[in-house]
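Please read the structure below before turning to the comments.
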Amino acid sequence: MALATKAYINGVGYTVKRASFQENTAASHDFVAAVTGKQIVVLNMTLVSQGTVVASVLSGSTGLMSLVNLAAGVPLTLSCHGNPTLPPIVTTAGEALKVQLAGAVLVSGTVTYIEV
């Protein structure tokens, strides 16, 4: 099965992009860099940790979801379930998609997104 290259919202096609993430320090980390004037619309995102750690997803410095306790080897998956008009996470235009970790635990992740 081929990966989708376009996601459509109101008849407009947006290029689907992918990024990966791997960090192990207690800090806020860029998952997807900011794009001037564009929102990052997450279609699917998965985070997996190697130990217990509290994580949050941010638009710049603003939290987009409640704090989440990640457990070792248990993935956290957010998905639009094939409907990009119902994304689980959307940043403010011009802000990066970030993951904030509360501890020094290795966390890896992937994200599929569009810029709108």
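Read-outs: derived from the displayed coordinates by stated rules, not from any lab. Just so it is clear, the structure is predicted and the values come from calculations on it, not from any experiment. Virtual Cβ from ideal backbone geometry, glycine too; neighbours counted across all protein chains shown.
Structure data summary
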read-out: Computed lengthening from Leu106 to Met65, 0.36 nm per intervening residue step minus Cα-Cα distance; value: 12.7 nm
read-out: Straight-distance crosslink candidates among aspartates and glutamates, where the alpha carbon sits under 12 Å from Lys6 and sequence neighbours closer than 8 are dropped; value: Glu115
read-out: Prolate/oblate/rounded label for the chain (Cα gyration tensor, a/c 1.5); value: prolate
read-out: Residue exposure sequence - His81, His29 - by fewest surrounding Cβ within 10 Å; value: His81, His29
read-out: Under 12 Å from the Ala72 label point (7 Å along Cα→beta-carbon), backbone N, the range 28-66; value: 49-53
read-out: Partner lysines for Lys98 [C-alpha distance under 17 Å; skip if fewer than 8 residues away on the same chain]; value: Lys17, Lys38
read-out: Sorted by Cβ neighbour density within 10 Å, fewest at the top, the residues Ile40, Ile114; value: Ile114, Ile40
